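Working notes, structure below.
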Amino acid sequence: MDSSAPTLPVPDLGTIQSLAREDMTAVDALIRRRLASDVVLINQVAEYIVGAGGKRLRPMLLLLAAGALGHRGPDAHQLAAVIEFIHTATLLHDDVVDESDLRRGRKTANAVWGNAASVLVGDFLYSRSFQLMVELERMAVMQILADTTNQIAEGEVLQLLHVRNPDTDEAAYLRVIERKTAVLFAAATRLGALLSGADTATCDALHEYGLNLGYAFQIADDVLDYASDAQTLGKNLGDDLAEGKATLPLIHAIAHSDEVTRARLRAAIEHGDTGAMPDVLAAIHATSGLDYSRRRAGEYAQTAERALDGLEDNDYTLALRGLARYAVNRDH
């Protein structure tokens, strides 16, 4: 095993997607086969959200982690589909809770079919994911995914407790990210290692990689809500503020502003006041909130990369390194 940093070039997202394309095509075909239900509305809503595309980052992480350790095959495709079903279920539930009407540049499922249909189809996807994982008949796999889905549910409730709460600090914000985002990234990469027959230390290293990548990815995502535009972002700019969510750029601004500005920012969170967006942006820029948040995301991405240092520098390991860099250098 080579414990030094890689000397080979780290690939960009397009190259990474090309590397995973054959396996991802198999995963997509499996997803569509296993989405099928004799209840027409389930097919319509599930196909709408899954068919919206996106980068399929989480299932791809599982495939790359397995590939880095020399494993490819139908069991990896099935677990990658499970990860995508779980993620899609959380999106359906998230959009209902957040009352969102735009995702990836088009109407959310709840905006098209209503809240009840979105919640119930989300439940269908959760239960379908458990059917798929049970078919593999591996208790360790079921344990990881049962624990992960439970933590995600905790994260949803934890986030709800912080809605319109101006006292949310960085530690509380990171606890929400861990459960809502990072644990599913970590489950994907740990499962990839587990399928390969890796030892405990290697499984733990891939878990550490996925967890830190999840932190980096979500912090970078929250930066974009204040630094991008709606067309590029695929959702309404300022949605986090409208939903009363204090994310890291704003948390940093509150902690480093004068008393008058701090009161204005706290009121904006309490009331979900998008009319205060100019003041919020001014405070974030005055306190270098975006730079600070990008730096924190970068620190997590570097920690993720370090977790890979004991692995062989093959194409898949380099792809994992590339995703850590992509996570913090993207515009949507």
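The values are calculated or read from the model by the stated rules, or taken from the named source; none is laboratory data. Note that the coordinates shown come from a computational prediction; the quantities given were computed from them, not determined experimentally. Protein only, heavy atoms only, side chains kept; ligands, DNA and RNA dropped before computing areas. Shrake-Rupley method; radii C 1.70, N 1.55, O 1.52, S 1.80 Å.
Among the aspartates and glutamates, select those whose C-alpha is under 12 Å from the C-alpha of residue 107, and discard any that sit fewer than 8 residues away in the same chain.
95, 99
With all protein chains present and a 1.4 Å probe, how do 124, 130 order by accessible area, largest first?
Result, largest first: 130, 124.
Please give the per residue accessible area of the range 201-332, computed with a probe of 1.4 Å over protein heavy atoms only, in Å².
Per residue, the range 201-332 has 39 Å² of solvent-accessible surface.
Along the principal axes of its C-alpha atoms, what lengths does the range 129-204 span, in descending order and rounded to whole Å?
46, 28, 12
Which of rounded, prolate or oblate describes the range 1-98 when judged by the alpha-carbon gyration tensor and an a/c cut-off of 1.5? Write out the running numbers ahead of the final one.
Numbers: a/c = 2.59, a/b = 1.96, b/c = 1.32.
Prolate.
Quote the accessible area belonging to residue 332 in square angstrom, nearest 10, computed with a 1.4 Å probe and with ligands, DNA and RNA left uncounted.
For residue 332, the solvent-accessible surface is approximately 90 Å².
Accessible area of residue 90, 1.4 Å probe, to the nearest 10 Å²?
Here the residue's solvent-accessible area equals roughly 10 Å².
Taking N as the number of residues in the chain, what value does Rg over Cα atoms divided by 2.2 N^0.38 Å take?
Taking the Cα Rg and dividing by 2.2 N^0.38 Å, one obtains 0.99.
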